[in-house]
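J.: Quick one: structure below, then a few questions.
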Amino acid sequence: MAKIHAMPGVTYQHKKTRGLYAVESIGVIEKTGEAAVIYRRIDPAVSDNRLWIRPYEEFCDGRFIFAGDITFTSSGGELSDGQND
């Protein structure tokens, strides 16, 4: 299983749920000093604006895959792969 590298501004898909997530930032867990990924779900059908935080190694262990250039356009309420923009 290939590991990924989480990068801010990039979209990933959760393999189990198939949900799309945009990485907002890379942070640090204060208590442990461990790197963490801060990300947000980007799904027009889900009105959940929460930020999620997961240890960097866990995010990159294969449960998320690179989703290419898929982005959410809030004005149109649809997902775009950037090819027809």
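The values are calculated or read from the model by the stated rules, or taken from the named source; none is laboratory data. Note that the coordinates shown come from a computational prediction; the quantities given were computed from them, not determined experimentally. We place every Cβ from the backbone using ideal geometry, glycine too, and count neighbours over all the protein chains shown.
J.: Could you grab me the full set of residues in region 45-63 that are among the β-branched types (Val, Ile, Thr) and either more than 14 Å from THR17 (Cα to Cα) or surrounded by 12 or more Cβ atoms within 10 Å (Cβ to Cβ) (or both)?
T.: Residues of region 45-63 among the β-branched types (Val, Ile, Thr): 46, 53.
Hit for region 45-63 is ILE53, nothing else.
J.: Counting just the residues of region 8-44 that are among the small types (Gly, Ala, Ser) and within 12 Å of the chain's Cα centre (by Cα), which one comes out surrounded by the fewest Cβ atoms within 10 Å (Cβ to Cβ)?
T.: Quick first cut of region 8-44, residues among the small types (Gly, Ala, Ser) only: 9, 19, 22, 25, 27, 33, 35-36.
In the following step, the residues that additionally are within 12 Å of the chain's Cα centre (by Cα) were identified as 9, 19, 22, 25.
Numbers: GLY9: 9, GLY19: 15, ALA22: 17, SER25: 13.
The extreme case among them is GLY9.
J.: Identify, please: which residue in region 43-66 is aliphatic (A, V, I, L, M) and modelled with pLDDT of 90 or more and is, among those, farthest from GLU24 (Cα to Cα)? Full working, then the answer.
T.: Filtering region 43-66 down to residues aliphatic (A, V, I, L, M) leaves 45-46, 51, 53, 65.
If we keep only those that are modelled with pLDDT of 90 or more too, we end up with 51, 53, 65.
Details: LEU51: 8, ILE53: 10, ILE65: 16 Å.
The selected residue is ILE65.
J.: Moving on to the next point. Within region 9-40, how many residues are part of a loop (DSSP other than H, G, I, E, B), of a type outside the set (Ser, Thr, Tyr) and modelled with pLDDT of 95 or more? Lay out the reasoning, then the answer.
T.: Taking region 9-40 as the starting set, the residues that turn out to be part of a loop (DSSP other than H, G, I, E, B) are 9-10, 15-19, 29-34.
With the extra rule that they be of a type outside the set (Ser, Thr, Tyr), the set shrinks to 9-10, 15-16, 18-19, 29-31, 33-34.
Subsequent filtering for residues that are modelled with pLDDT of 95 or more retains 29-31, 33-34.
Summing the residues that are part of a loop (DSSP other than H, G, I, E, B), of a type outside the set (Ser, Thr, Tyr) and modelled with pLDDT of 95 or more in region 9-40 gives 5.
J.: Which condition number in (1) touching a residue at least 60 places away in the same chain (Cβ under 8 Å); (2) in contact with a His (Cβ under 8 Å, 6 or more places away or on another chain) is the one that THR11 fails?
T.: Result: THR11 passes all but (2).
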